[in-house]
1. Looking only at the range 77-87, decide whether some residue is surrounded by fewer than 17 Cβ atoms within 10 Å (Cβ to Cβ) and either over 22 Å from the mean Cα position of the chain (by Cα) or under 30 Å from residue 354 (Cα atoms) (or both).
2. When you scan the range 172-194, do you find a residue that is of a type in the set (Val, Ile, Thr) and either surrounded by 23 or more Cβ atoms within 10 Å (Cβ to Cβ) or under 25 Å from residue 395 (Cα atoms) (or both), even just one?
3. Can you tell me how many residues in the range 189-231 are in contact with a Pro (Cβ under 8 Å, 6 or more places away or on another chain) and over 22 Å from residue 283 (Cα atoms)?
4. Out of 347, 333, report the one residue that is in contact with a Ser or Thr (Cβ under 9 Å, 6 or more places away or on another chain), farther than 19 Å from residue 131 by Cα, buried (at least 21 other Cβ atoms within 10 Å of the Cβ) and not assigned by TED's automatic domain parsing to the domain that holds residue 125.
5. Check the range 265-285 and report whether any residue there is over 23 Å from residue 249 (Cα atoms), of a type in the set (Gly, Ala, Ser) and either surrounded by 17 or more Cβ atoms within 10 Å (Cβ to Cβ) or assigned by TED's automatic domain parsing to the domain that holds residue 47 (or both).
6. I need every pair where a residue in the range 286-303 that is farther than 17 Å from residue 261 by Cβ has its Cβ under 6 Å from the Cβ of a residue that is in a helix (DSSP H, G or I) and polar (S, T, N, Q), sequence separation at least 6 or different chains.
7. Among the residues of the range 83-121, write down those that are of a type in the set (A, V, I, L, M, F, W, C) and touching an Asp or Glu at 6+ places or on another chain (Cβ under 9 Å).
8. Under the condition of being of a type in the set (A, V, I, L, M) and over 22 Å from residue 335 (Cα atoms), which residue from the range 305-325 is surrounded by the fewest Cβ atoms within 10 Å (Cβ to Cβ)?
Amino acid sequence: MNHCCKYLLLLLTTVVSLLLSNHAVLADKAQWDRYTDAGTTAYKQGHYDEAEKSFSAALAEAEKFNPQETQLATSLNNLGLIYKTQGKYALAEPLYKRSLEIKEKALGANDPNVATSLNNLAELYRAQGKYPEAEPLYNRALAIQEKVGPDNPNVALALNNLAELIVDEGKYAEAEPLYKRALALKEKVLRPDSPDLAASLNNLGKLYLMQSKYAVAEPLLKRALAILEQALGPNHPQVGTCLSNLAVLYSKQDNYTAAEPLYKRILAIQEKALGPNHPDLARDLNNLAALYVKQGNYAQAEPLFEQALKIDEKALGPNHPALARDLNNLAALYFKQGNYAAAEPRLKQALEINEKALGPNHPEVARSLNNYAQLLHYTNREAEAAALEARAKAIRTEQR
């Protein structure tokens, strides 16, 4: 996720819409209703362990129905959502796939509910760094939603998701018009205090943050945060995601006094909601550690970087781009301390992961090349450093 604020809003909309359209009226489905309603309430409140129990019980009830009834697809989707939110990706995938298969058979390949399932599965793949698997699903979902009508709010959700993928691939210029189109559509059809509107504000603000356009990013992020705190409460995980972006902005502006309490608040929110081993927690640990590094507090930073690395290794596997980020951060800490022997293998591993996961011409690869080249300069290996810098320059030139 991170990227969590946007896709959670998408999936929550999915759960609610399916519940409304498929509410069971038969007496033998009353128990399914109760479990599903309880799970939805717990999910909205950020109580994911409770939601998992309720949605699991609802799925057990739904398995007793006709296998092609939409209650079963709904329950599969809902439990998959919880597993994804908890970072249990291997458990979520078969549930999403089975839900998609049921919907395609029952509703047809171009039904909007099928588009929702396509988006959910694509989001799962994107969270794991499986971008080639995610992109065709996003594009198919967007095409389905656009056929519904020009003011269909789910078009905005599909646009946001596709833009997020494009951002992950380093194509920031291509993502901006998608985000803007999504925001304009939501401004048109949603209330000004809608959490879905906050998601688009947050996503566009984050894109500007990544491009160092801080003056443009800050009002978007603050508006998103105000909406979410009002709608969901101050301790909801989606609030934590928006806080994270605002804290990063303050950190990049060297406003440490504003950034540090936000990071600490974020960690408390995320650990309570997601548990101690979720990738979103690793992201926020990295951010707080980076803040300490900027302040010269290396002893406080190192254990946080190491904790983040362990979380991502366990949750995402050895070849995810998030792991490259963790390794690079730890290497940068060692580099600042003059411990080049400890820094080098981590820089090398980060570069290898980024090349494998993102391809040889991604901006993150260029950053990894420059980081490694800097260490080579300091260890008097000028020819090797020059070769890496030339590769990085070629990548940046191609991205313009």
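The values are calculated or read from the model by the stated rules, or taken from the named source; none is laboratory data. Source: prediction; values computed, not measured. Here Cβ is always computed from backbone atoms with ideal geometry, including for glycine, and neighbour counts include all displayed protein chains.
1. Within the range 77-87, the subset surrounded by fewer than 17 Cβ atoms within 10 Å (Cβ to Cβ) is none.
Looking through the range 77-87, none of the residues is surrounded by fewer than 17 Cβ atoms within 10 Å (Cβ to Cβ) and either over 22 Å from the mean Cα position of the chain (by Cα) or under 30 Å from residue 354 (Cα atoms) (or both).
2. First pass over the range 172-194, keeping only residues of a type in the set (Val, Ile, Thr): 189.
Next, only the ones that are either surrounded by 23 or more Cβ atoms within 10 Å (Cβ to Cβ) or under 25 Å from residue 395 (Cα atoms) (or both) stay: none.
Checking the range 172-194: not a single residue is of a type in the set (Val, Ile, Thr) and either surrounded by 23 or more Cβ atoms within 10 Å (Cβ to Cβ) or under 25 Å from residue 395 (Cα atoms) (or both).
3. Selection size over the range 189-231: 5.
4. Values: 333 fails: in contact with a Ser or Thr (Cβ under 9 Å, 6 or more places away or on another chain).
Within the list 347, 333, the selection yields 347.
5. yes
6. Final answer for the pair search is 286/329.
7. Step one: list which residues in the range 83-121 are of a type in the set (A, V, I, L, M, F, W, C), which gives 90-92, 95, 100, 102, 106-107, 109, 114-115, 118, 121.
Within the range 83-121, 102, 106, 114, 121 qualify.
8. First, the residues of the range 305-325 that are of a type in the set (A, V, I, L, M): 308-309, 311, 315-316, 322-324.
Pick out the ones that are also over 22 Å from residue 335 (Cα atoms) and you get 311, 315-316.
Numbers: 311: 23, 315: 22, 316: 20.
Filtering the range 305-325 for residues that are of a type in the set (A, V, I, L, M) and over 22 Å from residue 335 (Cα atoms), the one surrounded by the fewest Cβ atoms within 10 Å (Cβ to Cβ) comes out as 316.
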